[in-house]
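First the structure, in the form of structure tokens, and then the observations on it.
The values are calculated or read from the model by the stated rules, or taken from the named source; none is laboratory data. This structure is a prediction, so every number in the text was calculated from the model and none was measured. Neighbour counts are summed over all protein chains in view; Cβ atoms, including those assigned to glycine, are modelled from backbone coordinates with ideal geometry.
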């Protein structure tokens, strides 16, 4: 049955009601024939159903069941994956029962049927409206909050995509959509924004117990004047003597302090390899900095690399060591450009 409606193979279609009235005038009476339809092999059939796309005749079937199946086959073949309302479509595919009339008919019905078979019409045109579902992608909204530290984020609402139904008029010729025009768009499910909270609270570099902890540098330019730098260094309040070029050694908040001026690239590479990855820069007073912290050398036996210690020049990070550590493990050597 599935092959009955392939118009290019019209020889497989059960054909064709001839309804032509001819009155033959004889001397004594009319000559009568019953109405009939013929199959391609010349057999007469008693009933036929015409399958159509709009006004376009697609073919005939000898039973209602086959007509219903034919309609389903056409929709499946030519509509494809288009989304339809509740599995239905208003594509204008239909069938109708042919009524055979019982009066004078032509004797040339089979000849006419064969002539039609020799000149098949291969074009199938389907006109109708299809409904498709389109996803409305959710937006992401960023909101600032001072309840989170700067650089931290938290998803407050996951959000949800919406849906939009699109109604389009289509023309399908020989299985291909040749025209498609959107006639209506309707939101059937509203989207919900994804809400992400972005922290603005400045980190003061302190643990809950008051000890210092390392704070990753998030500033790209002018670190010295940034609020983040001021917040981190502000966690340490010191009003004692400050190491300078003229003061080659002082007693600072953590013990003896001296200074040195060497190439720090090796120290930076070692710290980066340990996962710190902070920017190197020189403060306006000539002190070498790694992220938010003063660079210093220390006795690694009591202050491992990455430790945060108090110095007269501010909070410092241990990135190096020296021979002094064997004599005075509490000494700090501050990296400077002096």
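The strands (runs of 3 or more DSSP E) located wholly in the range 146-221 that include 2 or more residues which are modelled with pLDDT of 80 or more and under 27 Å from residue 74 (Cβ atoms) occupy 162-173, 176-189. Of the residues examined, residue 166 is not one that is closer than 26 Å to residue 138 by Cα, loosely packed, with under 13 Cβ neighbours inside 10 Å and outside the structural domain of residue 93 (by TED's automatic domain parsing). Applying the criterion of at least 2 residues that are in contact (Cβ under 8 Å) with a residue 24 or more places away in the chain and more than 16 Å from residue 216 (Cβ to Cβ) to the strands (runs of 3 or more DSSP E) found wholly in the range 229-328 leaves 250-252, 255-260, 293-298, 308-311, 314-320. When 244, 254, 179, 226 are checked against the criterion of being closer than 25 Å to residue 293 by Cα and under 40 Å from the mean Cα position of the chain (by Cα), a single residue qualifies: 226.
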